[in-house]
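Chemist: One structure coming up, written as structure tokens, with questions to follow.
The values are calculated or read from the model by the stated rules, or taken from the named source; none is laboratory data. In this text the structure is predicted, and so the values were computed from the model without any measurement. So basically every Cβ, Gly included, is an ideal-geometry build from the backbone, and we count neighbours across all protein chains shown.
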Amino acid sequence: MIETKVRLTAEPSPSIGEKALPRSRAIQSIARFEVCDIATVALIAALVVTAWFTFRDYAISNDEGVQHHYGELIIAYYRSGFKVRDLFSFENLYLYGGLFDIIAVALAHVIPVDAYELRHILCAMIGIGGIAAAAATARLIAGPRAALIAAAALALCGGWYGAMFNHTKDIPFAAAMMGATL
């Protein structure tokens, strides 16, 4: 006697006509998002493209030379096994975090680009990350429309967008604080 095992599932097997092509599956998955979600992602993508095309147009700010040197002092402190303590007497920068400066100085030794241009694009990408974090937080609180409004408000705010290329203390701190709310 031949036994036949039948598996009962909650979902019926799709017929040949019901199997979606990869392209139509992608369209269906995009269609699940709301228009405001798509607009928010498009805005953030446009900001990334704009930043990459304009980061060389920003001049060196009054803080950047000092901040870059502070990053070098932090790296020297760690390389010396905590013996070279010049960073603790260099102006008042020991009161601020130096993570951005360490990353910028370390990348400047690896990537063959001007150190200040590198700082500008790095800070801009962190600033755009802050916009994305603000949008994500707004979406969690009030929905997709609020996310779009938050992202657009920050992107259009000169105090944020203009500063996100040069203010290497304030923008990373604000973006990290926004990311901490998620």
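Chemist: Tell me, which residue of the stretch 144-173 that is modelled with pLDDT of 95 or more and among the small types (Gly, Ala, Ser) is farthest from Gly65 (Cα to Cα)?
Modeler: Taking the candidates together, the pick is Ala146.
Chemist: Would you check if there is a residue in the stretch 57-68 being closer than 30 Å to Val41 by Cα, of a type in the set (Asp, Glu) and assigned to a helix (DSSP H, G or I)?
Modeler: Taking every residue of the stretch 57-68 in turn, at least one turns out to be closer than 30 Å to Val41 by Cα, of a type in the set (Asp, Glu) and assigned to a helix (DSSP H, G or I).
Chemist: If a residue has to be within 30 Å of the chain's Cα centre (by Cα) and farther than 15 Å from Ala108 by Cβ to count, how many in the stretch 68-87 make the cut?
Modeler: So the count comes out to 4.
Chemist: List the number of the failed condition for Gln28; all other conditions in (1) at pLDDT 85 or above; (2) part of a helix (DSSP H, G or I) hold.
Modeler: Going through the list (1) at pLDDT 85 or above; (2) part of a helix (DSSP H, G or I), Gln28 breaks only (1).
Chemist: Now, a different point. Of everything in the stretch 92-121 that's of a type outside the set (Val, Ile, Thr) and in contact with a Leu (Cβ under 7 Å, 6 or more places away or on another chain), which residue is farthest from Gly162 (Cα to Cα)?
Modeler: Of everything passing the filter in the stretch 92-121, Tyr94 is farthest from Gly162 (Cα to Cα).
Chemist: Six or more apart or on different chains, Cβ atoms under 9 Å: show the pairs whose first residue is in the stretch 136-165 and in a loop (DSSP other than H, G, I, E, B) and whose second is surrounded by 18 or more Cβ atoms within 10 Å (Cβ to Cβ) and among the aromatic types (Phe, Trp, Tyr).
Modeler: From the stretch 136-165, the pairs are Gly162/Tyr58.
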